[in-house]
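Contents: one structure, followed by commentary.
The values are calculated or read from the model by the stated rules, or taken from the named source; none is laboratory data. Every value quoted in this text rests on a predicted model; they were computed, and no experiment measured them. Cβ placement follows ideal geometry from the backbone for every residue including glycine, while neighbour counts extend to all protein chains displayed. For accessibility, only protein heavy atoms count, side chains too; no ligands or nucleic acids. Shrake-Rupley method; radii C 1.70, N 1.55, O 1.52, S 1.80 Å.
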Protein chains: 2
Amino acid sequence: MTTTTTTVAPAGGDAIGAAVQACHRAGSCAGIAHAVLERDDGMLTVNDAAIYLSEDTTWSEVERRAPLAATGMVLDLGCGAGRHARALMRRGLDVRGVDNSPGMVAVAHSLGVDVELADLGALPADLGTFDTILLLGGNLGLLGSLAAGRDILSSLTRLARSGARIIGTGINPYRLTHAAHQRYGEGNVAAGRMFGQYRMRARFEDVSSDWFDLLLLSPQELGGLAEGTGWTLCDLDEDDTFPMYTATLRLG
Amino acid sequence: MTTTTTTVAPAGGDAIGAAVQACHRAGSCAGIAHAVLERDDGMLTVNDAAIYLSEDTTWSEVERRAPLAATGMVLDLGCGAGRHARALMRRGLDVRGVDNSPGMVAVAHSLGVDVELADLGALPADLGTFDTILLLGGNLGLLGSLAAGRDILSSLTRLARSGARIIGTGINPYRLTHAAHQRYGEGNVAAGRMFGQYRMRARFEDVSSDWFDLLLLSPQELGGLAEGTGWTLCDLDEDDTFPMYTATLRLG
C-alpha cells in the first residue's frame, strides 16, 4: 500500500476544524497543532491553529482596528472559533456567527458564541437581519471567485438592515513578494481567472479538506466585484508593512 | 495551469534547508518558518524550523542526556544546523558534522561548525576516524530500511576507532498512538517491509524534497538490524512519556 509516492489523503475532511480542536484541547497554546494550506501548485502555507483561538491583544494593527466599527446586530461570517465574535461580545454587541467547519463551530459554541454551521453560499433563511456583516481574518477570500463573490454579496443584501455595512479583511495578492505567487497569478490571468483566485485545500495530520477557491483581491478589484451587487466600497484601511487591508462596503 | 487539483510541487529541492535558512534569517525565532513532513499516505507532521536551531535548554530530557556520553573525536551524522555539535563544542569536544542538506550545511558553517555536505550512504573517504558517532534528533530514522541500515552501520565501522560507540535517538513506531500510524505500519508488514519504514518527503513553501525512506524502529528491532554489522546494542535510555529513546551501540 505504500509503494507509490503520491499523496492519498482522503478529501472531504474538516482539516482546519481538527487542527483547532487539537489546539483547543491542549490549552490553545502556540506550537501544538498546525493547519497546512496547500495551493494546487504545491505552495504550502502553515498556520498555527492557536491564531484561530488568539485574543485581540496578539493581532496586527489592521486586524485590531477592523471590528471596532461594528455596530448593532452583527453577523460574523466564517467566524471560526469565534475570536472576533468574542471580542465584540466583550464590548456588549450582539453577534451571530456562521462557519462551515463542524470542528470550528463546536469550539466556538463551547466558548459561548451563538454560531450556526453553514456555507457562505447557502446561508439559512432564518438567520435574521444585521447592521454589520463581518468577513474578518482575511475572509474576503471566501468570496471565492468573481462569479461566486457577486452571488454572495447579492445574497447578503437580504440579511442587511437599512444602513448596513460589510467590514472585511483581505490580502492584496499583488503585494505578495514570493515569486511563486507572481507566477501563479500570471497563470490565472492567462487562463481568464482573476490574478488572486487560489485553488486551495486545508490539511491537518491525515485529514484533508476538499479543494476550494480562495479569492485574493486588490481593494480596486473588490470595488469592481461589488458593482451591481447592492454594495459599494466606501472605506479602506491599508497596512504599510503587511499586504492585508480592511474594506468597508455600504448598502446601496 | 491551475485547473487540476493535484499537487505539482517540483521534487528535488532542499525543503528543510530552505525552512531553516528562512528561520535563521529571521533571528531563529519560533513561529516563522515550518517544515512540513509528508508521508505517502497523506499524513503530515509540521516542525517549526526553530527546533533545528534551538539551544539545549529547550530539549527533552532524553535529547539532553543523549550527547552527554560523547567522548573523544565526534562525528555528528545528519547534524542539521549543528545544534548538537555546537552544544558539544561548548563542552570542548572536537566535532565534525555531516548533512545532506545544502541549506543546513550553510547555516551550520555560518555558526562555526566543521561540516561536510554528504549523504549518509556515501560518506567521503577522508572524513577521519572517530570515538563517538552521533545520530541524534531522531536520526536513527536515517537508517532508512533494513537493508540500507545494515549497509550504513557496516560502513561506519571503517570510521570507528577502537572502543568507538554510536549514540543515536529514534522514535519507537509501536508507541505512536494515532490510528493512521498503526494502519500504515500494518500495511508495511503486510507488504514485507518493517512496521516503521515511512516513505516521506519534506516540503516548505513551494519547495519539495525527493521522497525518501525514514525508518522508525523499536529498540529491539534496532538490536536485530545491527547484528552482523560490527555493532552491538549495549545501552538504552527510554522516555516514559514520549516515544523517543537513545540507543548506544558499541563496536564489536
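B:LEU153 meets the conditions (1) over 24 Å from B:HIS34 (Cα atoms); (2) touching a Leu at 6+ places or on another chain (Cβ under 8 Å); (3) surrounded by fewer than 20 Cβ atoms within 10 Å (Cβ to Cβ) in every case but one. The failed one is (3). A search for C-beta distances below 8 Å between a residue of region A:219-245 that is free of Cβ contacts under 8 Å to residues at least 40 places away in the same chain and over 11 Å from A:GLY168 (Cβ atoms) and any residue that is assigned to a loop (DSSP other than H, G, I, E, B) and open to solvent by 20 Å² or more (accessible area, probe 1.4 Å), counting only pairs 6+ apart in sequence or on different chains, returns A:GLU221/A:MET194; A:THR232/A:GLY252. Residue count for region A:230-252 under the criterion of being part of a strand (DSSP E or B) and either within 16 Å of A:GLY137 (Cα to Cα) or open to solvent by less than 40 Å² (accessible area, probe 1.4 Å) (or both): the result is 10. Regarding region A:106-119, can at least one residue be identified that is buried (at least 21 other Cβ atoms within 10 Å of the Cβ) and within 14 Å of the chain's Cα centre (by Cα)? No, because not a single residue in region A:106-119 is buried (at least 21 other Cβ atoms within 10 Å of the Cβ) and within 14 Å of the chain's Cα centre (by Cα). If you go through region A:200-221 and keep only what is crowded, with 20+ Cβ neighbours inside 10 Å, at the interface with chain B (Cβ under 10 Å from one of its Cβ atoms) and in a loop (DSSP other than H, G, I, E, B), you end up with A:GLU205, A:ASP206. The numbered conditions (1) touching a residue at least 12 places away in the same chain (Cβ under 8 Å); (2) open to solvent by less than 50 Å² (accessible area, probe 1.4 Å); (3) farther than 30 Å from B:LEU159 by Cβ; (4) out of contact with any Cys (no Cβ under 8 Å at 6 or more places or on another chain) are all true for B:GLY31 except (2).
Taken over region B:78-97, the residue count meeting the criterion of being surrounded by fewer than 24 Cβ atoms within 10 Å (Cβ to Cβ) and under 16 Å from B:LEU123 (Cβ atoms) is 2. A residue that is farther than 17 Å from B:ALA202 by Cα, hydroxyl-bearing (Ser, Thr, Tyr) and within 14 Å of chain A (Cβ to nearest Cβ) occurs somewhere in region B:42-55. The criterion of being within 11 Å of chain B (Cβ to nearest Cβ), over 20 Å from the mean Cα position of the chain (by Cα) and open to solvent by 60 Å² or more (accessible area, probe 1.4 Å) does not hold for A:GLU227. Residues of region A:36-65 that are open to solvent by less than 40 Å² (accessible area, probe 1.4 Å) and over 24 Å from A:TYR198 (Cα atoms): A:LEU53, A:SER54, A:TRP59. Among the residues of region A:164-197, what is the count of those that are assigned to a helix (DSSP H, G or I), within 14 Å of another protein chain (Cβ to nearest Cβ) and either open to solvent by 30 Å² or more (accessible area, probe 1.4 Å) or not polar (S, T, N, Q) (or both)? So the count comes out to 12. Residue check: is A:ASP40 of a type in the set (D, E, K, R), closer than 30 Å to A:GLN182 by Cα and either free of Cβ contacts under 8 Å to residues at least 24 places away in the same chain or touching an Asp or Glu at 6+ places or on another chain (Cβ under 6 Å) (or both)? So A:ASP40 fails the test. Just one of the numbered conditions (1) in contact with a helix residue (DSSP H, G or I) (Cβ under 7 Å, 6 or more places away or on another chain); (2) within 14 Å of chain A (Cβ to nearest Cβ); (3) polar (S, T, N, Q) is not true of B:SER101: (2). Selection over region B:68-77 of residues that are touching a residue at least 12 places away in the same chain (Cβ under 8 Å) and open to solvent by 10 Å² or more (accessible area, probe 1.4 Å) gives a count of 4.
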